[in-house]
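Below: one structure, written as structure tokens.
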Amino acid sequence: MRDILSNFPRVNLCHQPTALEEMPRLSEALGGPRLWIKRDDCTGLATGGNKTRKLEFLMAAALEANADIIVTQGAVQSNHVRQTAAAACKLGLDCHALLERRVPGKGDDYEQTGNVFFDQMFNTQIEFRPPGLNMNAEAQQVAEKLRSHGRTPYFIPGGGSNETGALGYVSSAQELLHQLWENKLTPKLIVLSTGSAGTHAGMVAGFHALDCDIPIMGISVRQPEDVQIDNVYKLAVKTAALLTDKPLSRDRVLVDDGYVGEGYGIPTDGTLAAINMVARNEGILLDPVYSGKGMAGLIGQIEGGQINSDGEVIFLHTGGAVSLFAYEDQFLAE
Ligand SMILES: *Cc1c(COP(=O)(O)O)cnc(C)c1O
């Protein structure tokens, strides 16, 4: 297979290919189709996760710009900020992160444990922000201030979700297609959780560029369906334009917003049940913000009959288990 990414600047941060594993006990427990899981939780950088693939392209751009400090933003328990901070250390750069207090009703421990603990270990300069601001604009202001003090900042948007970062998920799409061919699999669906949209958009753009028409279902962790489809489609179009001249149809972007619950970072009973079920059947850790909601969506679609028991389905595990430590009380209460 040709490598559609060979012309893009890239640094090596990610253990790849990530494993594609079968989940026979989960399939049986659900009476569902054969379930497989692509282990992008195991990308290798500081406990791994999906942002590492994006950072291979984003950090290459930062180095080309001669940056000495990365500026980015996320929610308090951002996996993106943790992986960015680690990548900055590995490349000898500083990192300045803004953390939005996006999730209501969390105690002090939430701002110290899990991802925040690791951010501090990587010597990230952290500033907290109240909820509801335009966080990318806030981060760009910080970058400009650093520039006026003689630094050379490189701004990475929340989730690493621009067309450069989304190339990381073109890489995952390309890798997955190779693994499907090796394992003689023809799945009928890919399921993933979708937030800042780069993962979903990169997968859609990658499949489109590689002429693969397997549908990709994004389980929204935050936005209503129409907003999320818009966000993913716009970014997928920009990403695909880097790879091919073929027009990308909007119908390629599928989103289910039925598993968001009360909002970003607030797990539902279904999220917690999905995390426990996958832990107890497969020994795999999901997370309460993203992959747990994604899995709740996969389970819900099997139980609701939208996914029947024929054929094979692949779940893309995007990581995030570090934030379980910020939610221990909710599991103990269960
Ligand atoms: C960021 C993140 C996602 C969502 O990916 P986007 O590219 O932001 O849509 C999913 N899972 C985990 C664990 C994440 O950290």
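Since every read-out is calculated from the coordinates, none of them should be taken as a lab result. All values reported here derive from a predicted model rather than from experimental measurement. With ideal geometry, Cβ positions are generated from the backbone for all residues, glycine too; neighbour counts draw on all protein chains shown.
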Taking just the alpha carbons, could you work out the radius of gyration and Dmax for segment 180-311, both in angstroms? 15.2, 46
What net charge is computed for the residues neighbouring ASP109, neighbours being all others with C-beta under 9 Å from the C-beta of ASP109, Lys and Arg scored +1, Asp and Glu -1? -3
Dividing the Cα convex hull volume of segment 84-216 by residue count, how many Å³ per residue is that? 156
Theoretical ellipticity at 222 nm over the chain - DSSP helices of four or more residues, -39500 (n - 2.57) apiece, nearest 500: -13000 deg cm²/dmol
Listed peptides 104-110, 176-182 by packing density, highest first (mean Cβ within 10 Å): 176-182, 104-110
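What does the convex hull of the Cα atoms come to per residue for segment 51-160, in Å³?
Residue-normalised Cα hull volume stands at 88 Å³.
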Work out the charge dipole of the chain with +1 on the Cβ of Lys and Arg and -1 on the Cβ of Asp and Glu about the Cα centre, then indicate which of ALA241, SER291, SER220 is farthest towards its positive end. ALA241
If packing is taken as the average count of other Cβ atoms within 10 Å, what order do 161-172, 279-290, 305-316, 241-252 fall into, highest mean first? 161-172, 279-290, 305-316, 241-252
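Could you list the square roots of 5 times each eigenvalue of the Cα gyration tensor of segment 195-250, that is, the equivalent ellipsoid semi-axes, sorted largest first and rounded to whole Å?
Here the semi-axes work out to 19, 11, 9 Å.
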The chain, Rg to Rh (Cα coordinates; Rh as Kirkwood inverse mean 1/r): 0.95
Net charge, LEU93 excluded, C-beta distance under 12 Å - Lys, Arg +1, Asp, Glu -1: 0
Share of antiparallel DSSP beta bridges in the chain, in percent to the nearest 5? 10
Note down the relative contact order for the chain as a percent, whole number, built from C-alpha pairs under 8 angstrom at least six residues apart. 21
Highest mean packing first, using Cβ neighbours within 10 angstrom, the peptides 34-41, 63-70, 145-152 sort as 34-41, 63-70, 145-152
By the scheme Lys and Arg +1, Asp and Glu -1, what is the net charge of all other residues having a beta-carbon under 15 Å from that of GLY198? +2
